[in-house]
Amino acid sequence: MWSNCIICSAYLNKKKPCPGCRAPKEEHTRKSCANCLKKKCAVEKGLNYCFECDKFPCSKIKSLNKRYLEDYNIDIIENSKKAKENTKKFLEEQVEIYTCKECGGVIDVHHKKCSDCGVEF
Ligand SMILES: [Zn+2]
């Protein structure tokens, strides 16, 4: 699974923060996260990331990617390929991209604004 969780609005939510895609099912308070088929699939296959799978990108990832491209201009499949090549480098680049230039906070990718100072992106 793609799990740059830190920029996700669910993860950044202060009242009810998501523990992250890789947390055990019992820790997930959101139904959509607890019942996520992509997460379930990766766990069953013993994978840390979807890109480790023979079937990547499968239909589940392709439909998610379509939505992310349309809504957030993020290409999950391309990102996964980069992460597969060099996970450390990919995550460093992500930190660079999603750090607020105003306050150093984390940018909430789903709301397109900084989770700390609220500046919009
Ligand atoms: Zn900020």
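The values are calculated or read from the model by the stated rules, or taken from the named source; none is laboratory data. Computed from a prediction, not measured in an experiment: that's the story for all the values here. Cβ: placed from backbone, ideal geometry, glycine included. Neighbour counts: every protein chain shown. Just the protein is used for accessible areas: all its heavy atoms, side chains included, with ligands, DNA and RNA removed. Shrake-Rupley method; radii C 1.70, N 1.55, O 1.52, S 1.80 Å.
With each run of n ≥ 4 DSSP H residues scored as -39500 (n - 2.57), what mean residue ellipticity at 222 nm is computed for the chain after dividing by its residue count and rounding to the nearest 500 deg cm²/dmol?
Per the formula, -12000 deg cm²/dmol.
Looking at the chain, which longest stretch skips every one of the trypsin sites (Lys or Arg not before Pro) that is in a DSSP loop with at most 15 other Cβ atoms within 10 Å, leaving the sites themselves out?
The segment 56-100 is the longest one with no such site.
In the chain, which Cys residues have no partner Cys with a Cβ closer than 4.7 Å?
C5, C8, C18, C21, C33, C36, C41, C50, C53, C58, each lacking another Cys Cβ under 4.7 Å.
Select from segment 42-120 those GluC sites (Glu not before Pro) which occupy a DSSP coil region and have at most 15 other Cβ atoms within 10 Å, ordered by residue number.
When the GluC sites (Glu not before Pro) of segment 42-120 are filtered for loop state and at most 15 Cβ neighbours within 10 Å, E102 remain.
At 1.4 Å probe size, with every protein chain present, just tell me what the per residue accessible area of segment 6-60 comes to in Å².
Averaged over the residues of segment 6-60, the accessible area is 69 Å².
The chain: Rg/Rh from Cα coordinates, Kirkwood Rh?
We get a ratio of 0.96 for the chain.
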